[in-house]
Amino acid sequence: MKPSRRTLLMLLPLCALAPAQAQPAASVPLEAAREALAGGRVRVIDIREPSEHAAGVAAGAQLLPMSQLQQRQAELPDKDLPVLLICRTQNRSKATALKLREAGYRQVQYVEGGMSEWVKRGWPTRQP
């Protein structure tokens with residue numbers, strides 16, 4: 001049975017109340033992230049915890065542990081600027097990117113493979 005036009009018009013205001021579907025977190029290949037970081041075209045935020053940072057970080061990455069993100073939200077760039085999140089393997093950065101997208105950060109993405117893949121490839125790191 002097809003709903004009447006009147007029924008559809010009555011349901012229309014309810015659609016506005018439904019939660020918007022969050023756009024899935026987009027990823028960036030590790031190579032592209034490295035090039036963008038080196039070229040200064042993007043802000044890379046390393047969300048690993050301080051004990052993980054001690055093993056080495058990518059030069060130029062901002063250190064902002066996931067556990068401190070809420071308290072230090074003022075340190076995040078403007079919601080319209082491109083941001084790449086990196087963690088050890090990509091699990092935390094993917095989840096965090098999704099949460100930030102839900103909060104209105106339109107250009108946040110996570111780095112595929114994370115710092116474990118960065119180190120595995122022998123790319124340079126520095127001590128924090």
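The values are calculated or read from the model by the stated rules, or taken from the named source; none is laboratory data. Because the structure is predicted, anything quoted here is derived from the model rather than measured. Backbone-built Cβ (ideal geometry, glycine too); neighbour counts: all protein chains shown. To get the accessible areas, we keep the full protein, side chains included, count just its heavy atoms, and leave off ligands, DNA and RNA. Shrake-Rupley method; radii C 1.70, N 1.55, O 1.52, S 1.80 Å.
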Give me the net charge of LEU63's neighbourhood, meaning all other residues with Cβ under 15 Å from the Cβ of LEU63; Lys, Arg count +1, Asp, Glu -1. +2
Net charge of Cβ neighbours under 12 Å - reference VAL83; Lys, Arg +1; Asp, Glu -1: +1
What does the charge dipole of region 46-128 about its Cα centre add up to, to the nearest 20 debye, if the Cβ of each Lys and Arg holds +1 and the Cβ of each Asp and Glu holds -1? 160 debye
Taking Lys and Arg as +1 and Asp and Glu as -1, residues besides ARG48 with C-beta under 10 Å from its C-beta add up to -1
Using the 2.2 N^0.38 Å rule of thumb for compact globular proteins, work out how region 34-128 stacks up: its C-alpha Rg over that value, please. 0.99
Just how much of GLU35 is accessible, in Å², when a 1.4 Å probe is used and the result is rounded to the nearest 10? 120 Å²
Return one whole number: the accessible area per residue of region 44-128 in Å², for a 1.4 Å probe. 52 Å²
